[in-house]
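Okay, structure first, notes after.
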Amino acid sequence: MTATVVLVHGAWHGAWCFDRELPFLAAAGVPVVPVDLPGHGRDPGPLTDLHGDAARVRAVLDGIDGDVVLLGHSYGGAVITEAGVHPAVAHLVYLCALALDLDESCGATAIDETKTLSHEGRPSLADGWVNDPDGTTTLTPAGAAACLYNDCDTYTVEWAVAHLGPQPMANLAQAPLAVAWRHRPSTYVVCSDDQAIHPGLQHVLADRCTHHRVWPTGHSPFASRPGLLSGLLAELATAPQGG
């Protein structure tokens, strides 16, 4: 039986970022559920913390019959790490994502693991942050284009930037309450031209997972190479589960 693919977006994004995957997965006969985390995309809010985001994903999983392939992109990796112990989850996919352990946060992991990695020639995502009085950040168009969509065409960049929203920064300082990759088969996708999460850090995190792949893409292959990502998801969704 084909598993349902559940897609969890990263910081500043919403379920809209997976729009280009939907036709490919539909053509492959793979059921798919893109999730808006609270306060993101079309969800009216309010914004929540990491644990509230994970609770949203668990609620979605509660409503699905059969096995699930659960994908998290970027910050969404922290969300699926906590939510992915749900009994419906048969396989985890970390797309250039934060596959955290207990007592690790997105922010601290990124800082600690990249101290020994070269940043020469790389843009800084933090330089594109705009800190808002309510504790959220937004991204400047230039910062988003350079770090998140560096391998995308102009139309795609404009489309994506127009949809970005605020992200609570407190979420990036929280650790997951469960570690799903210790209990579920998982695939980590390293994006070797990623300008947001250092590929060197991604390789460290990929070693925690059951399998890994390396793609020559930037941070957002769902936008730049949707057929590549949907192909992987269809492969996992139709494979015998449990491995």
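Summary of computed values
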{"item": "Odd one out for Val5 among (1) outside any strand (DSSP E or B); (2) buried (at least 20 other Cβ atoms within 10 Å of the Cβ); (3) in contact with a strand residue (DSSP E or B) (Cβ under 8 Å, 6 or more places away or on another chain)", "result": "(1)"}
{"item": "Residue match in region 46-59 (condition: crowded, with 20+ Cβ neighbours inside 10 Å, modelled with pLDDT of 95 or more, out of contact with any Pro (no Cβ under 8 Å at 6 or more places or on another chain) and not charged (D, E, K, R))", "result": "yes"}
{"item": "Answer from Trp12, Trp16 - the residue that is among the aromatic types (Phe, Trp, Tyr), part of a loop (DSSP other than H, G, I, E, B) and touching a residue at least 40 places away in the same chain (Cβ under 8 Å)", "result": "Trp12"}
{"item": "From Val60, Val33, Val69, residue being over 22 Å from Gly231 (Cα atoms) and either β-branched (Val, Ile, Thr) or in contact (Cβ under 8 Å) with a residue 40 or more places away in the chain (or both)", "result": "Val60"}
{"item": "First in region 123-148 and polar (S, T, N, Q), second anywhere and modelled with pLDDT of 90 or more and part of a helix (DSSP H, G or I), Cβ under 6 Å, 6 or more apart", "result": "Thr137/Met169"}
{"item": "Residue tally, condition surrounded by fewer than 21 Cβ atoms within 10 Å (Cβ to Cβ), at pLDDT 85 or above, closer than 24 Å to Trp215 by Cα and hydroxyl-bearing (Ser, Thr, Tyr), over region 84-124", "result": "1"}
{"item": "Check on Asp53, of a type in the set (Asp, Glu), in contact (Cβ under 8 Å) with a residue 40 or more places away in the chain and in a helix (DSSP H, G or I)", "result": "yes"}
{"item": "Any helices (runs of 4 or more DSSP H) falling wholly within region 156-242 and containing at least 2 residues that are surrounded by fewer than 20 Cβ atoms within 10 Å (Cβ to Cβ) and of a type in the set (S, T, N, Q)", "result": "none"}
{"item": "Within region 111-136, tally of residues that are in a loop (DSSP other than H, G, I, E, B) and of a type in the set (S, T, N, Q)", "result": "4"}
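Here's the yes/no breakdown for (1) under 23 Å from Ser124 (Cα atoms); (2) in contact with a helix residue (DSSP H, G or I) (Cβ under 6 Å, 6 or more places away or on another chain); (3) in contact (Cβ under 8 Å) with a residue 40 or more places away in the chain:
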position	(1), (2), (3)
Val161	yes, yes, no
Gln174	yes, yes, yes
Asp194	yes, no, yes
Gly200	yes, no, yes
Ala206	yes, no, yes
His212	no, yes, no
Phe222	yes, yes, yes
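The values are calculated or read from the model by the stated rules, or taken from the named source; none is laboratory data. Here the structure is a predicted model, which means the values were calculated and not measured. When we count neighbours, we look across all protein chains shown, and the Cβ atoms used for this are built from the backbone with ideal geometry, even at glycine.
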